[in-house]
Amino acid sequence: MGGYFFLMVADLDEATEAARPEFGRIGWNGPRRGATKGDPSRMSSTAKTPPAKPKRFSLIRSFVLADVLTLGNGFCGSGSVLAAMHYLVTAESRWLVTAMVLLPVALVFDFADGRVARWRHRSSAIGADLDSLADVISFGLAPAALGFAVGLRGVLDVAILLYFVACGISRLARFNATADALSDDSGKVKYFEGTPIPTSVLIVAVIALLHFQGLLGRNLWLGSWSIGSLVLHPLTILYAVSGSAMISTVRVPKI
């Protein structure tokens, strides 16, 4: 009887020991040495290291000579817009001439920045985007502002001028999206889809010719058409044709 009692006590101790949490293994003091699950050495080896913080982008240090020329393009376009606004306020023709002259200068900068980048074999990460933004101002917004300043202010005129600017923006966006697909093995684009936005300088040349012949303002060339209560100046059609050519699929060889 006594032996049977001690046998029961031994079995009870073994069951209690099996059910008791082992503090050295899973208790308050953490995993014990040699334990497979939750081993600190294994946890440290598999833990992911925090990603390194990205380096701060230095705008000024990233500039190269080609970017400086591109900024010259943007400055000329912005200056043309301001000069056109000043012409509207003062009606002094010198401001109109300034607005027109700045755009061919912008074209020179636009032509030069790409040539300089290829000559020096250096370009920056922001070069392509910087060029597109400058072109929108100099060859999209500025010619439209110039047209408004010389008398294209009817409701339909303004609608066409806005269409012209929208076409210029779309043209540049398409070029940026398809440049890689259109480039050859050397990375050079052989042709453009649609006329390049700097071709709007041709409209500026027409306006300059009309200015020196006295055919702007109240004596605007081709006069105006009245469509109900709306007014349209035929000269604005040049902007509509230019904008439509930009977003066309006509292939224009790149010079």
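Where a number appears in this text, it was derived from the coordinates with a stated rule and is not lab data. In this text the structure is predicted, and so the values were computed from the model without any measurement. Every residue, glycine as well, gets a Cβ built from its backbone with ideal geometry; the counts of neighbours run over all protein chains shown.
Some points to look at:
- Each Lys and Arg Cβ is given +1 and each Asp and Glu Cβ -1; about its Cα centre, the stretch 66-123 then shows a dipole of about 260 debye.
- Working note: Karplus 6.51/-1.76/1.60 with θ = phi - 60° gives the stretch 143-153 the couplings x, 5, 5, 5, x, 5, 5, 8, x, 8, 10 Hz, where Gly and Pro are set to x.
- Charged neighbours of residue 224, selected by a Cβ distance under 15 Å, balance to +1 (K, R count +1; D, E count -1).
- Measuring r between the beta carbons of residue 119 and residue 229 and using R0 = 45 Å, the FRET efficiency lands at 0.20.
- Residues in the stretch 204-219 reached by a label modelled at residue 153 [backbone nitrogen below 11 Å; 7 Å Cα→Cβ]: 217-218
- This ranking places 221, 119 by how few other beta-carbon atoms lie within 10 Å of each, fewest first, which gives 119, 221.
- Taking amide H positions as modeled 1.01 Å from N, with prolines and chain starts lacking one, the residues under 5 Å from residue 192 and 5 or more places away or on another chain are 252, 254.
- Cβ-placed point charges (K, R +1; D, E -1), dipole of the stretch 64-253 about Cα centre in debye, nearest 20: 260 debye
- Multiplying the residue separation of residue 85 and residue 220 by 0.36 nm and removing their Cα-Cα distance gives an extension gain of 46.7 nm.
- The stretch between residue 126 and residue 97 holds 7.2 nm of extra length on full extension. This uses 0.36 nm per residue minus the Cα-Cα distance.
- Derived scalar couplings ³J(HN,Hα) [the stretch 195-210; Karplus, 6.51 cos²θ - 1.76 cosθ + 1.60; whole Hz; x for Gly, Pro]: 5, x, 5, x, 5, 5, 4, 5, 5, 4, 5, 5, 5, 4, 5, 5
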